[in-house]
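The values are calculated or read from the model by the stated rules, or taken from the named source; none is laboratory data. Every value quoted in this text rests on a predicted model; they were computed, and no experiment measured them. In this analysis, Cβ positions are derived from the backbone assuming ideal geometry, glycine residues included, and neighbour counts consider all displayed protein chains.
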Amino acid sequence: MISVISDKAKRIWRLVPNYVFLSIASVVSIFPLYFMAVSATNTSQEVLGSKLLPGGNLAENWRNLVANNDVGRALLASFVIAVAITVLSLLVCSIAGYGFEIYHSKGKDVVMAILLLAMMIPFAATMIPLFQLFRNMHMYGSWFAVIIPAISTPFMILLFRQSSRNFPHEVLEAARLDGLRELGIFVRIYMPTMRATYAAAATITFMNAWNNFMWPRVILKPGTQTLPILISNLTAGYVTDYGGLMLAVLLASLPTVVIFLVLQRSFAEGITGAIK
Amino acid sequence: MSQATKSPQEPAKAAKRAPAKKGKPPKRAKQGLLGLEQKRNLTGWTFLIPAALLITVMSFWPMFKAFQLSLQIGKNKLEYADPLWYNYVRLFTKDKTFILTMKNTFLYLIIQVPIMLVLALILAYLLNKKDLRCRALFRTAIFLPCAISLVSYSMVFRTMFAKEGLVNDVLVGLNLLNEPINWLNEPNAARAVIILGLLWRWTGYNMIFYLAGLQNLDYATFEAAKIDGAGPIQTFLHVTIPQLRPMILLTAIMSTNGTLQLFDESYALTGGGPSHQTQTMSHYLFEVSFKNNSNFGYASAISFAILVMVAVLALIQMRVGDKRD
């Protein structure tokens, strides 16, 4: 009896360092977000004065923010661009991943290997020719110019190719016997079956698109800015309104934090899924 | 990256494909001019062509084009330089700002990436205990910074590290500092803030990779280590880490790749200042490309230099990662 208790006690004691270390890491991880949320309700003076409790200045911060910035338009731009990228990317990359895996051939393996090399190309290395390309096509400042380069990524194709390995071949053959066309099989059977993969891919793609900064900053005109660009401009003035700044940051973070909390498992599977 | 991580899965892949190929009737149904097999092969190609074309036009073509541009000079009308590599000579021998931004970027890389990966590995290891309570809570909390955009968190850090801001208040309040530090205006302090920011934003992200890796570990090896009398630290160093090597290699390559392309933090957190002292290569590239004296030929040389650095470091890491056995 005694040995049982001490065994249990031992096991609990052994985990104490885990709890301590993980608690510290959790607090450090969450604190800046807490600070951001609280500061959105405080005046600039209070933010700098390190007030760590919610205040009553939220409405005032909002009024100042929208008085000096076209927040609505930036929200709309961010939202439309992120949704368009997500939908198009999922369509284009999933059918490609499906094509690579289900209609597997040597030639396709070679193409896939070449496409994977594109993962190593830094965006910086392609930025100037892309800028020239879209400018020459009179698409400087257009949302399309933000959307098009983000549609097809080797990572997403790889994710769908790896997941397609779990797609049962018996189902494929049965559908063919039922007279479904190849595209019909993809749309009516593959897509509903692979919902989990689509959820993972959508989470990552939306969050990346929503948070993307460098390319939109390069290709969009000042009037058509997205939320991250608007935020980056808030410190450009002589005096920064820290309350308003934190409110804008909170606004930009809310959608992705909600998506993250709801679809965390999908997100984690998505980022690691392509390499399993 | 793919080579390192793909190899263990090869047999499984082959096994899965074999029955599929047998399952296809080779001759039974010939339709039109093409055999069924060929027809399906063609369907496969049409499915992947949109994605492949987009990557070609949006990644490969611009890369070659950037190289071509990097050999050219001129403000409005670009012409080939004489000698052709003129921009590169200028970049590495005359441009002190580029050298500075390169040093900054590599400083971030050398300090931040190892600390982050070790931290992530330790956190994943601590979290991967079956009888630990609140695992999901810890995991969510540590992973949460990934939900915030780079610009957003840069602004939060900028606010916390403002001269009159929270961090100084706390440090002075605890008597750790006599007077507030002007974090964002002192080169080394500002660099430290960028490194702290990167650690905060990306440690949880890498931890997720290690957690995924830990779940695929061979349990028998741990039993064996226990029987051999290995302590927890020995087990971690000699059993866990060697098995996680593919994951460690992958995260190292991804982080290196990401750090060499660092832009948002330099732009939004410190603005690259004071006077380029915290600026990254990508941020400098952005300024050369799109600020008042824009010079696309020279900027392309910078961008191609970044590409070569990314490629060379990835190759070195793959070599080292594959050899160490």
task: State whether the residues of the stretch B:207-218 include one that is free of Cβ contacts under 8 Å to residues at least 24 places away in the same chain, under 30 Å from residue B:137 (Cβ atoms) and out of contact with any His (no Cβ under 7 Å at 6 or more places or on another chain).
output: yes
message: For residue A:50, only one of the following conditions fails: (1) away from chain B (no Cβ under 12 Å); (2) surrounded by 14 or more Cβ atoms within 10 Å (Cβ to Cβ). What is its number?
response: (1)
message: Against the condition closer than 17 Å to residue B:105 by Cα, out of contact with any helix residue (DSSP H, G or I) (no Cβ under 6 Å at 6 or more places or on another chain) and of a type outside the set (Asp, Glu), how does residue B:196 come out, does it pass?
response: yes
message: Given the options A:38, A:16, A:27, A:66, name the one that is surrounded by 15 or more Cβ atoms within 10 Å (Cβ to Cβ) and β-branched (Val, Ile, Thr).
response: A:38
message: I'd like the full set of residues that are within 7 Å of another protein chain (Cβ to nearest Cβ), over 27 Å from residue A:242 (Cβ atoms) and touching a Gly at 6+ places or on another chain (Cβ under 9 Å), limited to the stretch B:112-142.
response: B:123
query: Do you know which residues across the stretch B:84-114 are without any contact (Cβ under 8 Å) to a residue 40 or more places away in the chain, under 25 Å from residue B:195 (Cβ atoms) and of a type in the set (A, V, I, L, M)?
result: B:99, B:110
Those residues of the stretch A:190-237 which are charged (D, E, K, R), away from every other protein chain (no Cβ under 12 Å) and either within 29 Å of residue A:64 (Cβ to Cβ) or touching a Gly at 6+ places or on another chain (Cβ under 8 Å) (or both), in sequence order: A:221
- prompt: Hey, residue A:98 hits all of (1) within 26 Å of residue B:284 (Cα to Cα); (2) of a type in the set (Phe, Trp, Tyr); (3) outside any loop (DSSP other than H, G, I, E, B) but one; which does it fall short on?
  reply: (1)
query: Of the residues that sit in the stretch A:217-276 and are touching a helix residue (DSSP H, G or I) at 6+ places or on another chain (Cβ under 9 Å) and of a type in the set (D, E, K, R), which one is farthest from residue B:211 (Cα to Cα)?
result: A:241
message: Anything in the stretch A:245-266 that is of a type outside the set (A, V, I, L, M) and within 8 Å of another protein chain (Cβ to nearest Cβ)? List them, or say none.
response: A:253, A:256, A:260, A:264
- request: Considering every residue within the stretch B:288-309, establish whether at least one is under 23 Å from the mean Cα position of the chain (by Cα), among the hydrophobic types (A, V, I, L, M, F, W, C), at pLDDT 85 or above and not in a helix (DSSP H, G or I).
  value: no
- prompt: Of these, A:167, A:134, A:144, A:79, which one is touching a helix residue (DSSP H, G or I) at 6+ places or on another chain (Cβ under 7 Å) and part of a helix (DSSP H, G or I)?
  reply: A:134
task: Please tell me if residue B:252 is free of Cβ contacts under 8 Å to residues at least 40 places away in the same chain and of a type in the set (Gly, Ala, Ser).
output: no
message: So residue A:268 ticks every box in (1) in a helix (DSSP H, G or I); (2) over 16 Å from the mean Cα position of the chain (by Cα); (3) at pLDDT below 85; (4) among the small types (Gly, Ala, Ser) but one. Which box is left unticked?
response: (2)
- request: Would you mention how many residues in the stretch A:175-189 are away from every other protein chain (no Cβ under 11 Å) and either assigned to a helix (DSSP H, G or I) or within 22 Å of residue B:147 (Cβ to Cβ) (or both)?
  value: 5
message: Here is a check on your reading of the model: is residue A:111 away from chain B (no Cβ under 11 Å) and among the hydrophobic types (A, V, I, L, M, F, W, C)?
response: no
statement: The correct count of residues that are within 15 Å of residue B:192 (Cβ to Cβ), touching a residue at least 24 places away in the same chain (Cβ under 8 Å) and not polar (S, T, N, Q) in the stretch B:154-181 is 3
task: Output the helices (runs of 4 or more DSSP H) that fall wholly within the stretch B:176-283 and possess 2 or more residues being at pLDDT below 85 and within 14 Å of chain A (Cβ to nearest Cβ), or say none.
output: B:232-235
message: Exactly one of these conditions fails for residue B:133: (1) in a helix (DSSP H, G or I); (2) within 22 Å of residue A:25 (Cβ to Cβ); (3) basic (Lys, Arg). Give me its number.
response: (1)
field: Candidate set from the stretch B:75-111 (those that are within 14 Å of chain A (Cβ to nearest Cβ) and surrounded by fewer than 16 Cβ atoms within 10 Å (Cβ to Cβ)); member that is modelled with the lowest pLDDT
entry: B:76
